[in-house]
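Let me begin by presenting the structure, written as structure tokens, before commenting on it.
The values are calculated or read from the model by the stated rules, or taken from the named source; none is laboratory data. Not measured: the values here are computed from a predicted model. Backbone-built Cβ (ideal geometry, glycine too); neighbour counts: all protein chains shown.
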Amino acid sequence: MTQKDALEQALTDLGGRAHLKDIYPVAIKYITHKEGSKIYDSLRGCIHDKRRFRPSPGFPAGWYELLSYQEDIAVRDKEIAELKAEVERLKKVPTEDDFVKRLIKATKNQFRFKRNQADAVRQVMDKLGRSDADADLTAWMERRESKPAVSIGKLEFHQGGTNIDTNYGPNIEHNGGMLALPKVTE
């Protein structure tokens, strides 16, 4: 093996880039040389072959790399950029918990006047193994939900007329009557 081939093999073994103090001992293992010869001087001359090696840009003196190492780095940099883009895309995908919370909120909003019609969604949550969402919907359907939901559950319907007691909060027209939300006092 020539000295240049030995240097190339040493750099390959060391990952494509290394310091001279690490390159020389590995390269010497691949070549035969006479004791007492100035092998390090000879290798130092060979490492300056600009068709195979170059000083590593951005590194202190004594660091060298294979020219092909830059091609490998470019390929890896492209792969890293693609993986980073995929990570960012995946970060934007809603989690199952986010989806379930949005579904439960939408269900409560959609069926706020006819709670018993939300039973199908509750059954789906049960089949999916989401007992937390199933229990939340069951409590809501049976009007056993937490305090903020109770105030929404106490909407009162007054047929006709606009004489709503002033103790009630915002009024909502519905089917010719008014819905009044009681003021919540803590």
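Tabulated results
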{"quantity": "Some residue of the range 166-174 being surrounded by 11 or more Cβ atoms within 10 Å (Cβ to Cβ) and at pLDDT 85 or above", "calculated": "no"}
{"quantity": "Residue count, the range 73-93 (criterion: under 23 Å from Arg17 (Cβ atoms) and either of a type in the set (A, V, I, L, M) or touching a residue at least 60 places away in the same chain (Cβ under 8 Å) (or both))", "calculated": "6"}
{"quantity": "Criterion (in contact with a strand residue (DSSP E or B) (Cβ under 8 Å, 6 or more places away or on another chain) and either closer than 30 Å to Ala27 by Cα or loosely packed, with under 15 Cβ neighbours inside 10 Å (or both)) met by exactly one of Leu90, Leu66, Leu128, Leu83", "calculated": "Leu66"}
{"quantity": "Residue in the range 18-41 that is hydroxyl-bearing (Ser, Thr, Tyr) and either in contact (Cβ under 8 Å) with a residue 40 or more places away in the chain or in contact with a His (Cβ under 8 Å, 6 or more places away or on another chain) (or both) present", "calculated": "no"}
